[in-house]
1. Go through segment A:69-98 residue by residue and tally those that are among the aliphatic types (A, V, I, L, M) and surrounded by fewer than 23 Cβ atoms within 10 Å (Cβ to Cβ).
2. Of all residues in segment A:399-443, how many are surrounded by fewer than 18 Cβ atoms within 10 Å (Cβ to Cβ), free of Cβ contacts under 8 Å to residues at least 60 places away in the same chain and part of a loop (DSSP other than H, G, I, E, B)?
3. Would you point out the residue of segment A:580-596, among those that are surrounded by 14 or more Cβ atoms within 10 Å (Cβ to Cβ) and of a type outside the set (A, V, I, L, M), that is farthest from A:GLY637 (Cα to Cα)?
4. Among the residues of segment A:522-534, are any under 30 Å from A:ILE330 (Cβ atoms) and in contact with a Pro (Cβ under 7 Å, 6 or more places away or on another chain)?
5. Return the total of residues in segment A:461-481 being in a strand (DSSP E or B), among the charged types (D, E, K, R) and within 14 Å of another protein chain (Cβ to nearest Cβ).
6. Take segment A:39-60 and flag every residue that is in a helix (DSSP H, G or I), of a type in the set (Gly, Ala, Ser) and under 19 Å from A:ALA544 (Cα atoms).
Amino acid sequence: MSKSRPIRVAVIGGGCAALTAAFELTRPELRRRYQVTVYQLGWRLGGKGASGRGPADRIEEHGLHLWMGFYENAFRLMRETYTELSRDPKRCPISDWRDAFAPAPLVGVTERSAAGEWSIWKGILPPTEGLPGDPLPAGHRWTVTDYMARSVALVGTLFRTIQFSRDGVFAASGAPAADRGSPSSSLVLDAIARLLRYGELATMAGLIQAVSFLEVMIGSLSQYPENLVLRLLDGIASNARTVLTTRLESEPQLQRVWNIIDLTLATVRGGIRCGLLTEPRGFDAIDAYDSREWLRLHGASEEALGSGWIRALYDFGFSYENGDVTRPRISAGQALRSMLRAFFTYRGSFFWRMQAGMGDIVFSPLYEVLKRRGVRFEFFHRLENVRLAPSDRLRPGESPYVEALHFGVQAEIKRGEYRPLVDVRGLPCWPAVPDYRQLVDGARFSRERWDFESHWDSRKVASRTVRVGRDFDQVILGVGLGAVPYVCKEIVARDPRWRAMIDHVQTVATQALQLWMHADMGELGVPGDPMTVSGFVEPFDTWADMGHLIAQESSRRTPRALAYFCSVLPDPDGVDPVRVRDYPAKASEQVRRNAIRFLSRDIGLLWPRAVRATGEFRWDLLADPTDSVKSRQYAGGEARLGSQYWRANVNPTDRYALSLPGSSAYRISPLDETYDNLTVCGDWTDCGFNAGCVEAAVMSGRLAAHAISQSPALEDIVGFDHP
Amino acid sequence: MPTRIKKPRLNRTRPIRSWPAFLGASATGTDNARSGDGSGSSRADGAMNDVVARSVDLGYRVIDEYIQQGQKAARRWAQQSFAPEALGDDTQELARRMTRFATDFGSLWFEAWQLALGQGPPAPGRETDSSASLPQPPSPPPTGEERPPIRLRILVSSPYPTEVMVDWLPHPVARHLRVQSLRAIDSNRQLSDVKLEAAKGDEPYRLRVRVPRGQPAGVYNGMIIDEDTNRPAGTMSLRILRK
């Protein structure tokens with residue numbers, strides 16, 4: 001590349017991936033070599049992670065966002081951002097990354113008994129050494145062998161858990177025996193119980209020994225005949241099942257532990273059978289399988305496959321084709337990669353909760369840092385087309401390239417650059433609506449309800465074309481995958497790889513619901529620490545207690561609980577939603593109806609005291625943001641839901657990219673060299689961790705920066721070189 | 001039109017999904033292990049396979065034995081023949097078998113562990129079958145051929161009938177040995193008053209065990225550690241018979 005002048009980079013989109021790329025290219029050590037301009041639709045940054053402050057400073061999110069303890073790249077980005085920002089803690093309540101993120105170790109999955117009753121199985125995943133984003137040891141490498149050994153060690157730990165839990169179990173079952181008979185029969189029954197316990201515990205001891213040996217074998221598998229290892233695995237599984245069968249029926253807690261053991265053993269068995277320990281493609285070798293199908297092939301029981309753990313795996317990744325909950329599908333390779341990273345490599349805490357809206361915690365600080373570094377932000381710019389240089393104009397050997405970018409300018413700014421943030425008690429935040437005062441004709445836009453983020457509202461005040469060589473040298477395309485067919489029509493038409501990506505890497509709409517309530521979670525029947533629960537019923541299968549955010553808001557009458565729900569939103573049958581007139585309003589109404597149905601029919605299963613004896617939801621629990629106890633604006637049964645927040649994420653760019661079986665090969669990498677001035681980024685790209693999440697987005701952004709500047713080094717992108 | 005600024009050519013554009021595949025087998029030691037030149041590495045393979053085969057088989061027997069005992073007790077319960085003396089016999093028999101199997105299994109486990117750590121085959125010159133791929137009947141752990149056996153004097157102070165068994169690893173080098181607290185197989189109970197005193201001159205090691213009054217009957221196991229290397233040198237099992 002030229003060294004005579006700064007290289008101008010046009011970054012399209014303001015989500016995690018795009019802003020990470022901007023962050024990497026403007027690092028001080030690159031000495032302003034890259035001059036970055038970010039083009040953003042509407043008034044705020046964040047993409048699928050954007051949030052806004054609504055009435056009473058309520059945080060309104062796109063959905064439920066939790067950060068996982070293995071998000072090494074994402075946490076590193078945030079830690080560096082907060083350090084560089086150097087906020088004054090006396091003036092800003094969230095000045096350090098540790099103010100911004102707090103551990104959330106309590107997770108839960110829901111289980112339904114044979115009698116149809118739902119229960120929550122809570123578990124605390126213990127804190128681990130270090131913090132996400134800490135430097136990793138030099139030469140650190142992930143291998144399948146290491147993961148398999150850890151999986152086997154987990155099985156051993158779970159066996160020991162069963163063993164150690166026996167005292168409690170027998171104390172419970174022994175008590176009735178002492179009550180019901182004579183002293184002599186009681187003594188005999190006690191003796192029998194002891195013997196049975198002894199036999200079973202001894203069996204567990206044998207299993208633990210066998211598992212310990214398996215650990216050694218896995219650790220040096222190249223030296224062992226595979227059939228022996230598999231035989232030992234099968235022996236452990238079948239014997240454990242034999243031992244536990246009778247107890248599994250009567251002890252649901254044990255059934256849950258066994259489900260994990262069963263799934264883990266199937267994983268190890270599958271890993272060995274598929275030769276993953278030496279497979280050059282790593283987990284991509286099993287990308288064509290659906291996760292459940294792959295586990296079933298390798299011996300997982302139907303009970304384990306139907307357990308809350310597996311449902312949570314699908315729910316958490318919105319892994320339902322076309323949003324249809326009867327079609328759960330996720331690539332076995334990526335699911336395994338995600339699960340192993342999640343459970344075996346998290347640091348500090350399994351989950352981390354942001355302490356304000358995602359926009360406030362992630363995108364305000366990033367915006368401020370990037371502004372300081374000289375990044376220019378062009379808000380209200382909707383990308384309409386990425387224009388390629390005509391093929392006949394390419395010189396021999398010249399790669400295709402982007403010649404121009406066409407934007408619809410949604411609004412003109414009255415003076416200078418748009419200032420997007422608002423101050424909420426010292427914290428720079430994004431508003432839920434634009435600041436119309438800064439816009440030429442802003443009052444009209446407000447009156448006419450211009451929806452700057454809607455794909456269906458294409459109104460604009462001008463058009464703008466930026467050209468290669470004059471306005472930019474390089475392009476980083478960081479829009480959501482769902483928008484690609486509309487903004488990259490030429491590329492999709494000309495390039496079969498892009499067409500194949502559009503066809504095979506599918507996206508799904510999602511729905512979100514936030515409820516503010518006048519009773520705390522204990523009063524609603526869910527005592528204890530805040531938790532995150534997945535695997536529940538549709539239409540809202542995932543719930544998180546987000547009560548910690550209430551302190552960041554300004555309702556006059558402070559709510560006592562705040563709950564976030566999310567799940568997929570099915571697409572209309574046989575119709576492209578983009579072609580449906582007023583689809584956003586229709587989808588929003590669908591979410592509202594879903595919420596009413598969910599609260600009327602299902603919430604009592606989760607929050608038993610949120611419903612009356614008749615089973616009816618207590619609508620009066622819902623807190624009105626605007627005022628007080630006697631507020632009448634939303635009074636009257638389900639109409640009170642109007643005081644809450646819900647959202648249908650149906651905009652193409654808001655749609656969540658799925659990791660469908662067999663789709664990974666169709667993703668395009670940020671390192672792809674087909675176009676010599678175009679780089680893609682986003683959690684939909686082939687970024688090494690091909691799942692829809694913040695970590696994948698940040699990884700892709702770092703890769704996009706590497707494609708242009710060769711910085712950061714690929715070895716520094718944590719988890720890129722990973723099975 | 002000015003010269004366009006193009007992206008640089010990258011050294012690589014794909015992730016490394018498998019370090020062993022990327023680095024090549026030689027870097028991982030696999031080449032050495034599979035060189036098949038008839039030298040020590042192939043002997044190590046053979047020894048390893050043999051140990052694995054026997055361990056797998058023994059592992060089955062350990063597990064099966066435990067299950068059989070549990071099922072036997074369950075049948076007895078179902079048939080209402082739960083005379084205390086019958087239960088006692090079961091327990092004694094189970095404890096005896098478990099001790100034997102556990103120590104056999106433990107020896108093989110340690111043997112495999114040593115091999116897995118790359119310490120070579122346990123017995124130079126010992127015949128092994130490198131093609132062994134199916135479990136073979138268990139055989140006694142190999143004994144040292146060149147080093148003198150560790151001599152041990154066991155002193156037990158116990159108010160109850162007590163059996164002690166020590167199994168050494170194939171080639172423990174007796175230097176500074178220490179025995180860990182013994183733990184019961186079936187509970188969290190411990191027996192901590194166990195000391196291994198160093199040998200002086202030609203004197204043997206002294207293993208002193210004191211079983212306190214009230215210590216529940218059962219089998220207690222512990223590991224003997226070589227303090228110089230912090231590696232296992234053997235196992236110790238102690239069985240307190242019924243009071």
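1. Restricting attention to segment A:69-98, the residues satisfying the condition of being among the aliphatic types (A, V, I, L, M) are A:74, A:77-78, A:85, A:94.
This time we only want the ones that are surrounded by fewer than 23 Cβ atoms within 10 Å (Cβ to Cβ), so: A:85.
Final tally of qualifying residues: 1.
2. Adding up the residues that qualify gives 8.
3. Taking the candidates together, the pick is A:TYR583.
4. no
5. Qualifying residue count for the region: 1.
6. Taking segment A:39-60 first, the residues in a helix (DSSP H, G or I) are A:47-49, A:55-57.
From what is left, the residues that are of a type in the set (Gly, Ala, Ser) are A:47, A:49, A:56.
The answer is A:GLY49, and nothing else.
Every residue, every condition in (1) out of contact with any helix residue (DSSP H, G or I) (no Cβ under 7 Å at 6 or more places or on another chain); (2) surrounded by 24 or more Cβ atoms within 10 Å (Cβ to Cβ), yes or no:
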{"position": "A:GLN253", "(1), (2)": "yes, no"}
{"position": "A:ARG269", "(1), (2)": "no, no"}
{"position": "A:CYS274", "(1), (2)": "no, no"}
{"position": "A:THR278", "(1), (2)": "no, no"}
{"position": "A:ASP284", "(1), (2)": "no, no"}
{"position": "A:ARG296", "(1), (2)": "no, no"}
{"position": "A:GLY299", "(1), (2)": "no, no"}
{"position": "A:ARG329", "(1), (2)": "no, no"}
{"position": "A:ALA335", "(1), (2)": "no, yes"}
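Yes/no matrix, rows are residues, columns are (1) modelled with pLDDT of 75 or more; (2) of a type in the set (Ser, Thr, Tyr); (3) under 15 Å from the mean Cα position of the chain (by Cα):
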position	(1), (2), (3)
B:GLU145	no, no, no
B:ARG153	yes, no, no
B:GLU163	yes, no, no
B:ALA198	yes, no, no
B:SER237	yes, yes, yes
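The values are calculated or read from the model by the stated rules, or taken from the named source; none is laboratory data. Note that the structure is predicted; figures quoted are calculated from it, not measured. Cβ sites come from the backbone with ideal geometry, for glycine too, and all protein chains shown count toward neighbours.
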